[in-house]
Amino acid sequence: MTDRGRTDLRNEMYKQSGVDTAEADAGLSHIVARVQKTWPRSGQGRVLLPIGYFANVIEVDGAGIAICTDGVGSKTIIASMMGKYDTIGIDCVAMNVNDMICVGAKPLSLVDYIAVEQADAAMLDAIGAGLCQGADMAQVSISGGETAQPKDIVNGFDLVGMAVGRVDLDKVISGKGVAAGDVVIGVKSSGIHSNGLTLARNAFFGEQTSKYRVDHKFDELSLTLGEELLRPTDIYVREAMEILERVKGVKALINITSDGLLNLVRVEAQVGFEIDRLLEPQPIFKLIQEHANVDDGEMFEVFNMGIGFCYVVDPADADVTLSILKKHGRDARRIGFAVADPEKKVRIPERGLVGRHKTFAKEGHAARKVG
């Protein structure tokens, strides 16, 4: 199958699951063009970063106020399948604060939105317990929220958060200082985190592979399948705050969510990246690949593949960055380096992949066009 054919097949699979990625990207481009017209050119409320980075920063009385929003996606379906709701709130906090620290901001507070098909006091209490546990891990408050019952719209439940933080205007990070030779340090993820659950669910529970249940135990996993897919997203705030305070040569912080290691090229600098020493992905990723029957390129486009967060630092500061991460109990190591590249490609020689924009292709093949 050609690269373009594989992309069309993947997009069709997602469309059948209710996720039209190409159409969403097209719609998003129109939204971006419209909302940027609302931005003040200077002074109060000035927007500092372009849309598309992990969070944004606005100027308020000479200070930088960071804001971002994100949800846990279809991981809620796994929680419903298991009837276990006490960890999904951790994911909601993580998806927001892990983005916020990428602009150099300290997360301060979060509000949540829970939409349920039908209110269930025990379920809502369990979601709240997870939100509070995540808030404690991230050292933020939960300052409010909204619960709605739009039963004609929602099937199951949806969970979304919006976080606010603070950063000095002269310390906002966008990766513009990244230069060739800077080191990429990868931090191991806890597993699948909160991205790619549509593909994972289709791999194990779809119409063609409905032989598995959430309580199925694969020999490769230490937990049941459902427990592994529901494993909470790691929260990287505490060590990031120390690294930002102590490491002068930190150039960029990168949350590895959807699009995987292609998130590296969100940095403002005209650089690409060579990833020459991957962390070993957890067994769940190999199982997904086998049961979904997809290739390496698609896996690295959709999943974090065992790397949940990255720091791009001056080579002279790699050791101190690694020592801080080790102190916080993180499994981390140097996984690659930045290269001068106006095309902003990500190469993974170990897998023979080269990525550009949102797609990976085999080295030597043209990158696939999506959207």
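The values are calculated or read from the model by the stated rules, or taken from the named source; none is laboratory data. Treat the numbers as computed from the prediction; the structure is a model and nothing was measured. Note: ideal-geometry Cβ built from the backbone for every residue, glycine included; neighbour counts use all protein chains shown. What goes into the accessible areas is simple: the full protein's heavy atoms, side chains included, and nothing from ligands, DNA or RNA. Shrake-Rupley method; radii C 1.70, N 1.55, O 1.52, S 1.80 Å.
Side notes on the structure shown:
- Here segment 13-32 is the region considered, the condition is being at pLDDT below 70 and open to solvent by 80 Å² or more (accessible area, probe 1.4 Å), and the residue that is farthest from the chain's Cα centre (by Cα) is Gln16.
- Some residue of segment 47-69 being open to solvent by less than 50 Å² (accessible area, probe 1.4 Å) and of a type in the set (S, T, N, Q): yes
- Boolean, Arg330 is within 22 Å of Pro232 (Cβ to Cβ), of a type in the set (D, E, K, R) and modelled with pLDDT of 95 or more: yes
- Selection count where residues are buried (at least 17 other Cβ atoms within 10 Å of the Cβ) and assigned to a loop (DSSP other than H, G, I, E, B), scope segment 222-231: 2
- Residue within segment 202-216 that is touching a residue at least 24 places away in the same chain (Cβ under 8 Å), touching an Asp or Glu at 6+ places or on another chain (Cβ under 9 Å), within 24 Å of Ala138 (Cα to Cα) and not in a strand (DSSP E or B) present: no
- Qualifying positions in segment 47-96 - assigned to a strand (DSSP E or B), modelled with pLDDT of 95 or more and among the β-branched types (Val, Ile, Thr): Val47, Val57, Ile58, Val60, Ile65, Ile67, Thr69
The rows are residues; the columns are (1) of a type in the set (A, V, I, L, M, F, W, C); (2) over 20 Å from Ile192 (Cα atoms); (3) crowded, with 18+ Cβ neighbours inside 10 Å.
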| residue | (1), (2), (3) |
| --- | --- |
| Met95 | yes, no, yes |
| Tyr113 | no, yes, no |
| Ala122 | yes, yes, no |
| Asp125 | no, yes, no |
| Val140 | yes, yes, yes |
| Asp158 | no, no, yes |
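- Failed criterion for Ser109 (all others in (1) among the polar types (S, T, N, Q); (2) within 22 Å of Val60 (Cβ to Cβ); (3) in a helix (DSSP H, G or I) hold): (3)
- Segment 278-333: number of residues that are free of Cβ contacts under 8 Å to residues at least 60 places away in the same chain and closer than 14 Å to Gly186 by Cα: 7
- Test: residue in segment 334-346 that is closer than 27 Å to Gly206 by Cβ, out of contact with any Gly (no Cβ under 6 Å at 6 or more places or on another chain) and in contact (Cβ under 8 Å) with a residue 12 or more places away in the chain: no
- Within segment 101-127, restricting attention to residues that are small (Gly, Ala, Ser) and over 23 Å from Phe309 (Cα atoms), the residue that is nearest to the chain's Cα centre (by Cα) is Ala115.
- Apart from one condition, Val35 fits all of (1) open to solvent by 40 Å² or more (accessible area, probe 1.4 Å); (2) at pLDDT 95 or above; (3) aliphatic (A, V, I, L, M); the exception is (2).
- Segment 322-368: number of residues that are hydrophobic (A, V, I, L, M, F, W, C) and in contact with a Leu (Cβ under 9 Å, 6 or more places away or on another chain): 7
- Applying the condition of being part of a strand (DSSP E or B) and under 22 Å from Gly83 (Cβ atoms) to segment 144-156 and asking which residue is least open to solvent (accessible area, probe 1.4 Å) yields Ala148.
- Condition met for Gly175 (closer than 21 Å to Ala129 by Cβ, small (Gly, Ala, Ser) and either buried (at least 17 other Cβ atoms within 10 Å of the Cβ) or out of contact with any Cys (no Cβ under 9 Å at 6 or more places or on another chain) (or both)): no
- Looking only at segment 125-142, residues that are charged (D, E, K, R) and in contact with a Phe, Trp or Tyr (Cβ under 6 Å, 6 or more places away or on another chain) come to 0 in all.
- Of all residues in segment 232-249, those satisfying the criterion of being open to solvent by less than 30 Å² (accessible area, probe 1.4 Å), within 22 Å of Met95 (Cβ to Cβ) and either of a type in the set (A, V, I, L, M) or not in a loop (DSSP other than H, G, I, E, B) (or both) are Ile235, Val237, Glu239, Ala240, Ile243.
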